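Since the structure comes first, as structure tokens, the remarks are kept for the end.
Every number in this text was worked out from the coordinates using simple rules, so none of it is lab data. All values derive from a computational prediction rather than experimental measurement. Positions of Cβ are backbone-derived with ideal geometry, glycine not excepted, and every protein chain shown enters the neighbour counts.
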Amino acid sequence: MNTVEGFGLDVSRETFERLSVYEALLKKWNPVINLVSKSSITDLRNRHFIDSAQVFSLMPEGATTWVDIGSGGGFPGMVCAIICAEKSPKTIFHLVESDVRKAIFLRSVARETGVSVYVHSERIEKMDSFDADVLSARALASLEKLLEFSAPHLQKNGVALFPKGENYKSEFVKAQENWRFDCEEHQSITGSNSVVLKIGNIQRV
């Protein structure tokens, strides 16, 4: 096991190589389907890969089903799936992305990295419950909307993991108008004003 410089992760050489393949594919596809902003393409590892990897660190032990919604370019879902292929190989990943082109990209990454994930080119609102242990989403919607998306798809003891920026406190207050939930705030390692919210016991008021 080597600590591989660049991604800031304690992972094997194989995982590092998979992340590197993913990174190269993202740079190749981005001009065509705009997977990430042009301003962040020169800092992919910190802005997207490390930012996504910290979400993996909050995964409950023994989680077997992880659903990532609005996956887009694969953050955090594809990064976490690649890490889990080494760290938690029994965890099954479902990436939900309604944009067909982005779903094709995600399938290409899975194929080129040799990581097993299920990519669903559908809207999460129209899907049957996943009964998931973990549900994640990054830069998709307000916290209130994310809770609405999450509630039908998490099993009783499941958790939602949401990276959030500096406006998260106002989103939190707004969400409490219609939802009750348990929440842990974890300081982001990639932004001083950002957090990762670990949320459970979601119930509509």
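Observations
- Condition broken by Glu112, with the remaining ones in (1) closer than 22 Å to Lys27 by Cα; (2) free of Cβ contacts under 8 Å to residues at least 60 places away in the same chain; (3) of a type outside the set (A, V, I, L, M) satisfied: (2)
- Gly74, sole failed condition from (1) touching a residue at least 60 places away in the same chain (Cβ under 8 Å); (2) closer than 28 Å to Lys28 by Cα: (1)
- Residue in segment 124-143 that is under 19 Å from Val196 (Cα atoms), of a type in the set (A, V, I, L, M), in contact with a helix residue (DSSP H, G or I) (Cβ under 6 Å, 6 or more places away or on another chain) and not in a helix (DSSP H, G or I) present: yes
- Residues in segment 31-58 that are among the hydrophobic types (A, V, I, L, M, F, W, C) and within 11 Å of the chain's Cα centre (by Cα): Phe49, Ala53, Val55, Phe56.
- Restricting segment 59-100 to residues that are of a type in the set (S, T, N, Q) and over 10 Å from the mean Cα position of the chain (by Cα), the residue that is surrounded by the fewest Cβ atoms within 10 Å (Cβ to Cβ): Thr64
- Of all residues in segment 185-202, those being in contact (Cβ under 8 Å) with a residue 40 or more places away in the chain and assigned to a strand (DSSP E or B) number 7.
- Meets criteria (out of contact with any strand residue (DSSP E or B) (no Cβ under 6 Å at 6 or more places or on another chain), surrounded by 18 or more Cβ atoms within 10 Å (Cβ to Cβ) and farther than 19 Å from Ile124 by Cα) for Val32: no
- Failed criterion for Asp182 (all others in (1) touching a residue at least 60 places away in the same chain (Cβ under 8 Å); (2) surrounded by fewer than 20 Cβ atoms within 10 Å (Cβ to Cβ); (3) of a type in the set (D, E, K, R) hold): (1)
- Unmet requirement for Ala103, which otherwise passes all of (1) buried (at least 22 other Cβ atoms within 10 Å of the Cβ); (2) in contact with a strand residue (DSSP E or B) (Cβ under 6 Å, 6 or more places away or on another chain); (3) without any contact (Cβ under 8 Å) to a residue 60 or more places away in the chain; (4) hydrophobic (A, V, I, L, M, F, W, C): (1)
- Only one of the numbered conditions (1) in a helix (DSSP H, G or I); (2) surrounded by 15 or more Cβ atoms within 10 Å (Cβ to Cβ) is violated by Val173, and that is (2).
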